[in-house]
Amino acid sequence: MTLVIKVIWVTAIVVTSISMIWYLLGSTAGFQRGIDLVMTTIYIAIWVPALIFTAASIVLLKKGWQPSNIYAQIFLAIALIAISVFFYFNLFCAVHARGYTVGWLTESVRSDYTQITSDGKYEYRLEIINAFQRNSTARLYVKDMFVGEEMTIPVSANTKNIGVIMGGVGSRTPEPEVLPVWSELTPSETVSVYILATTEHFERMSKNPTEIFNIDMEARTSYRIE
């Protein structure tokens, strides 16, 4: 029974440790965002007890402690299994159940309303990736209206200071008569180059002045003008 207890105990430590690490990564999006009130409560009520259980278990195993009574050993085995299952479901499985894989394993995308350039050549929208996180970025989605080709072009717009998303797809139902778009894309004197400028609406979100970029449709690149 001694060996069985040891195997169960080690397994419980491994399962609990993996659950703790997975929840830590998921709740912080790989350390790219802070934790909210709900997450803080879970850390205090579940994550910290899991840490204490793991640390205490390692110490007791190193000392070689085990109850001598067979019934106490059976009770310990059942308790270890129950505790590890509890932490597994409340930490490891919670990452998937609460959508904590979004923002690091998969992208969180907030989209502007789709618009069409004045020359009718391109359909476009500005997208914010992983909003409210340290790894937040922006990109321009573009679709060629003639050939149907789609592309995304990284844009170095300032998204780090965004505290709230205003407007964009899904923000209001029904859509407002005048769409509060985040950017405008206009043709330049060069055939394949367009000018992307953020609007007042985006400026209020990012707390930055107007940002202007050259968008090269052929090279699929952008660079900041101002």
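Derivation of every value follows stated rules applied to the coordinates shown; laboratory data play no part. Since this is a predicted model, take the numbers as computed values, not measurements. Positions of Cβ are backbone-derived with ideal geometry, glycine not excepted, and every protein chain shown enters the neighbour counts.
Summing Cβ point charges (Lys, Arg +1; Asp, Glu -1) relative to the Cα centre of region 68-226 gives a dipole of roughly 920 debye.
In this structure, ALA97 and GLU189 have a Cβ-Cβ separation that, at R0 = 45 Å, corresponds to a calculated FRET efficiency of about 0.25. Note that the chain shows a convex hull volume over its alpha carbon atoms of 172 Å³ per residue.
Cross-link partners of LYS6 among lysines, defined as those whose alpha carbon lies under 26 angstrom from its own and excluding same-chain residues fewer than eight positions apart: LYS62, LYS63. When the helices of the chain are scored as -39500 (n - 2.57) per DSSP H run of n ≥ 4 and the total is divided over every residue, the value at 222 nm lands at -11000 deg cm²/dmol. If R0 is taken as 35 Å, the Cβ-Cβ distance between PHE146 and GLN32 corresponds to a FRET efficiency of 0.35.
Taking every Cα-Cα distance in region 2-97 and sorting them into 10 Å bins from zero, the calculated P(r) comes out as 16, 45, 25, 12, 2 percent. The residue among ALA56, THR11, GLY167 whose Cα reaches farthest toward the positive pole of the charge dipole of the chain, with charges on the beta-carbon of Lys, Arg, Asp and Glu, is ALA56. Shown is the FRET efficiency for THR2 and TYR223, computed with R0 = 45 Å from the Cβ-Cβ distance and rounded to the nearest 0.05: 0.10.
Which residue, ILE52, ILE162, ILE35, has the most motion in a Gaussian network model of the chain that connects Cα atoms within less than 10 Å? So, out of ILE52, ILE162, ILE35, the one fluctuating most is ILE52.
Look at the alpha carbon pairs under 8 Å that are at least 6 residues apart: their mean separation over the length of the chain gives a relative contact order of 14 percent.
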